[in-house]
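S.K.: Dropping a structure here in structure tokens format, bear with me for questions.
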Amino acid sequence: MKRVWIAVGLFVAACGGEGDAPDVEPIAWKDMSFEQRDEFMEDVVLPRMTEIFVAFDASFEGMTCATCHGDGATDGTYAMPSPQLTVLPGTEEAFIEKYETDPEHARWSDFMFERVVPEIASLLQVPRFDPVTQTGEFSCYNCHTLEGVEQ
């Protein structure tokens, strides 16, 4: 119901309702409550990621919270990293070797590095990890577990 009122408010504001709508600063992910995060993921992140993933592979048309969060979507924890996602090589050397020898791994790695990681980092307002400078917070390992590393 809350979304309906937000939509009505946006419609009224767009149609020239009386007075200007107040400027609302977006809340950073780190400052959101669990409920705010849940709503943000459903209203903003899931639609955007569905768009990006479907452009890469049409089989993601039915993307849901469980696509990324696995069992965490079912139990309501939404814990990440998710053990249901592809487990990534546990070392930089192993990752590079797999990238160089497995074309499908390379295709997915490029997609994730070029499209998914930057978009999620931007949406969550978290600095993207830069492998060159070794700075930033958001990387593959926020979502994926690593071989041989306990999470």
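Read-outs: derived from the displayed coordinates by stated rules, not from any lab. Small disclaimer: the values here were computed from a predicted structure and weren't measured. With ideal geometry, Cβ positions are generated from the backbone for all residues, glycine too; neighbour counts draw on all protein chains shown.
S.K.: Got a sec to turn the phi values of the stretch 143-149 into Karplus ³J(HN,Hα) couplings, 6.51 cos²θ - 1.76 cosθ + 1.60 with θ = phi - 60°, whole Hz, x for Gly and Pro?
M.R.: 10, 9, 7, 10, 4, x, 10
S.K.: Can you sort MET49, MET63 so the residue with the fewest Cβ neighbours within 10 Å comes first?
M.R.: MET63, MET49
S.K.: For GLY136, what is the net charge nearby, where nearby means another residue's Cβ is under 10 Å from its Cβ and Lys, Arg count +1, Asp, Glu -1?
M.R.: -1
S.K.: Let me ask you something else. Given a Förster distance of 30 Å, report the FRET efficiency between ILE96 and GLU39 from their Cβ-Cβ distance, rounded to the nearest 0.05.
M.R.: Given R0 = 30 Å and the Cβ-Cβ separation, E is 0.20.
S.K.: Amide H neighbours of PHE138 under 5 Å, counting only residues 5+ apart in sequence or on other chains, H built in-plane at 1.01 Å?
M.R.: HN-HN under 5 Å from PHE138: ARG128, PHE129.
S.K.: For a quick check: sort VAL44, VAL132, VAL126 by the number of other beta carbons within 10 angstrom, fewest at the front.
M.R.: VAL132, VAL44, VAL126
S.K.: If you stretched the chain out fully between PHE111 and VAL126, how much longer would it get, using 0.36 nm times the residue separation minus the C-alpha to C-alpha distance?
M.R.: 3.5 nm
S.K.: What number comes out for the charge environment of PHE111, summing +1 per Lys or Arg and -1 per Asp or Glu over other residues with Cβ under 12 Å away?
M.R.: That works out to -3.
S.K.: List, in order, the whole-Hz ³J(HN,Hα) value for each residue of the stretch 76-84 obtained from phi through the Karplus relation with A = 6.51, B = -1.76, C = 1.60 and θ = phi - 60°; use x for Gly and Pro.
M.R.: Here the 3J(HN,Hα) series is x, 8, 6, 4, 9, x, 9, x, 7 Hz.
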